[in-house]
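Asker: Okay, handing you the structure first.
The values are calculated or read from the model by the stated rules, or taken from the named source; none is laboratory data. Source: prediction; values computed, not measured. Don't worry about glycine lacking a Cβ; one is built from the backbone with ideal geometry, like all the others, and counts go over all protein chains shown.
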C-alpha cells in the first residue's frame, strides 16, 4: 500500500475510477450528468492536489482537494469497504486543521462514512446542477 501524489500518467485510471464511482454511488442522477462533466473534472484534476492510493502498482483510489475542500474520495468498485477511503482521509487530515465537503443527501453510505470520521453537517442546500439536496459537512482537529 502506498499513498502518493498524483502524476499525469495516472489520469486515465483516475478518471475511470471517478466516472464508475459516481455512476454507482449516485444512481439517483442520470449517467449523462457525469459523462457531461468528464472533461471538466479531467482538467480540474490536472490543476488540483490529488493523492493516489496504490496497491501492487495499481491505482485503487484517490482523493482530490481544493485548499481544505475535499472534491471527493473515490475508490474502485472492487476495493470499496476495505479501509482505502479512510486511509486517504487520514492522510489529508494530517495536512489540514479543518476540511469541508459537500455530499448528496441520498448518498447515505458516504454520509455515514463522513459522520464516522467526525464530520458534522453544517447545512443543507440544493445543488443547482442536479436539483438534488446536498449536505455541507465540516471536520476540524
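Asker: Please go through the stretch 1-28 and pick out each residue that is in contact with a helix residue (DSSP H, G or I) (Cβ under 8 Å, 6 or more places away or on another chain), surrounded by 14 or more Cβ atoms within 10 Å (Cβ to Cβ) and under 27 Å from residue 108 (Cα atoms).
Answerer: Residues satisfying the conditions are 3, 14, 15, 18, 19, 20, 21, 22, 23, 25, 26.
Asker: Being surrounded by 12 or more Cβ atoms within 10 Å (Cβ to Cβ), farther than 12 Å from residue 135 by Cβ and touching a helix residue (DSSP H, G or I) at 6+ places or on another chain (Cβ under 8 Å) is the requirement here; does residue 88 meet it?
Answerer: no
Asker: Continuing with this model, one more query. When the residues of the stretch 119-132 are narrowed to those that are exposed (fewer than 14 other Cβ atoms within 10 Å of the Cβ) and in a loop (DSSP other than H, G, I, E, B), which ends up nearest to the chain's Cα centre (by Cα)? First the steps, then the outcome.
Answerer: At the first step, the residues of the stretch 119-132 found to be exposed (fewer than 14 other Cβ atoms within 10 Å of the Cβ) are 120, 122-129, 131.
Add one more test, that the residue is in a loop (DSSP other than H, G, I, E, B), and what stays is 128-129, 131.
Values: 128: 19, 129: 18, 131: 20 Å.
The qualifying residue nearest to the chain's Cα centre (by Cα) is 129.
Asker: Something else about it: What tally of residues in the stretch 27-43 results from selecting those that are touching a residue at least 24 places away in the same chain (Cβ under 8 Å), under 23 Å from residue 92 (Cβ atoms) and more than 13 Å from the chain's Cα centre (by Cα)?
Answerer: 1
Asker: Next question. Across the stretch 64-85, what is the number of residues that are surrounded by fewer than 16 Cβ atoms within 10 Å (Cβ to Cβ), modelled with pLDDT under 95 and under 21 Å from residue 134 (Cα atoms)?
Answerer: The total comes to 2.
Asker: Select from the stretch 59-72 the residues that are in contact (Cβ under 8 Å) with a residue 24 or more places away in the chain and more than 16 Å from residue 113 (Cβ to Cβ) and list them in ascending order.
Answerer: Of everything in the stretch 59-72, those that are in contact (Cβ under 8 Å) with a residue 24 or more places away in the chain and more than 16 Å from residue 113 (Cβ to Cβ) turn out to be 59, 60, 65, 68, 69.
Asker: I need the full set of residues from the stretch 51-63 which are more than 19 Å from residue 111 (Cβ to Cβ) and either touching a helix residue (DSSP H, G or I) at 6+ places or on another chain (Cβ under 7 Å) or loosely packed, with under 13 Cβ neighbours inside 10 Å (or both), in order please.
Answerer: 51, 52, 53, 56, 57, 58, 59, 60, 62 - these are the residues of the stretch 51-63 that are more than 19 Å from residue 111 (Cβ to Cβ) and either touching a helix residue (DSSP H, G or I) at 6+ places or on another chain (Cβ under 7 Å) or loosely packed, with under 13 Cβ neighbours inside 10 Å (or both).
Asker: Considering 135, 88, 99, which residue is at pLDDT 95 or above, outside any helix (DSSP H, G or I) and under 16 Å from residue 51 (Cα atoms)?
Answerer: 99
Asker: When you check residue 41 against the structure, is it in contact with a strand residue (DSSP E or B) (Cβ under 8 Å, 6 or more places away or on another chain) and in a helix (DSSP H, G or I), yes or no?
Answerer: For residue 41, the condition - in contact with a strand residue (DSSP E or B) (Cβ under 8 Å, 6 or more places away or on another chain) and in a helix (DSSP H, G or I) - is not met.
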